Amino acid sequence: MDSVANIILYFVIAIATVVFSFLAVTSRKLLRSATYLLFVLICTAIFYFQLGFQFLGAVQIAVYAGGIMVLFVFSIVLTHKPDQKNAPLESHRRFLGTMCAVAGTVVLLFALFKMPLLNGLSLTECLNSATPITMHDIGTAFTGTNRFQYLLPFEAVSVLLLACIIGGVVVARKR
Amino acid sequence: MDLSILWYLVPSVIMFVCGVYGFVTRKNLIAILISLELMLNSADLNFVVFNRFLFPGSMEGMVFTLFSIAIAAAETAIAIAIIINIYRAIGNTDVREINKLKH
């Protein structure tokens, strides 16, 4: 049995996620669309906090809501005149998109509700049966080479980020 | 009333489907990138939810989501560099206008 506060928080966040993700893809002004995406990312971070992954929620806010959104706003302001609206959608594209969205929803929800794999545990039971994840656990998971430890992917990501910095500078520099 | 795993997967499904809709209908490159971020985000949420509800004792879903966030950041930075370069060459960021290479 979950507490009432958890259920209310869930409903607020779930409705906000659905509404803002719909607005993010239908808004005509690009800057508003980016702002709605920011709200969706923050709602996802609150989901992470509610599920008991505090470190992940903090990373989501710092990297996604902090870093990537700044990049988005930066590039929108660089490539658009103020108050420029996007052209209205072509009708066949809108039809195609709606068809894709409706078919996707039906198939995914059907698969979801037919799946025998899912157990009926509630959030509180799962949180009680799990040991809390400390920073020590996360640190050893990222810097060890044993089973369930991830030093090699960690190093690979750091090399990828370096390559990404150099690539970004090379691609976007003035000729 | 219990918050079971399905309750968390349904918002994720809707987020993903909104991303697909935006990816098909939008014509601006940055808008397409925003839709892509929505889809990535819903996949991340799925990893975490499956980790918490099906394997409460481990943290592999969280680790995978951390790597996914790092790679998404790299991918967005490169994509935005390319978009700014295209804007310099063509003057807008509409996908219908981008139909030829340099020569």
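FYI, it's all coordinate maths here, none of it is from the lab. This is a predicted model, so every value here is computed, not measured. Ideal geometry is used to build each Cβ from the backbone, glycine not excepted, and the neighbour counts take in all protein chains shown.
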Review point. Order of B:4, A:3, B:42 from fewest to most other C-beta atoms within 10 Å?
Key: A:3, B:4, B:42
Practice item. Holding the Cα-Cα limit at 20 Å, pick out from A:29/A:174; A:29/A:81; B:27/B:100; A:81/B:27 the pairs that are longer than that. Key: A:29/A:174
Review point. How much net charge surrounds residue A:56 when only other residues with a Cβ under 13 Å from its Cβ are counted (Lys, Arg +1; Asp, Glu -1)?
Key: -2
Check your understanding: If the label point is 7 Å along Cα→Cβ of residue B:67, which residues in region A:145-167 have backbone nitrogen under 17 Å from it?
Key -> A:145-162
Exercise for review: Between A:121, A:108, A:41, find the one with the highest GNM mean-square fluctuation for chain A; connect C-alpha pairs within less than 10 Å.
Suggested key: A:108
Check your understanding: Taking 0.36 nm per residue of separation and subtracting the Cα-Cα distance, what length does fully extending residue A:166 through residue A:107 add?
Key -> 17.1 nm
Check your understanding: How far, in degrees from 0 to 90, does helix B:60-90 lean away from the longest principal axis of the Cα atoms of chain B, to the nearest 10?
Key -> 10 degrees
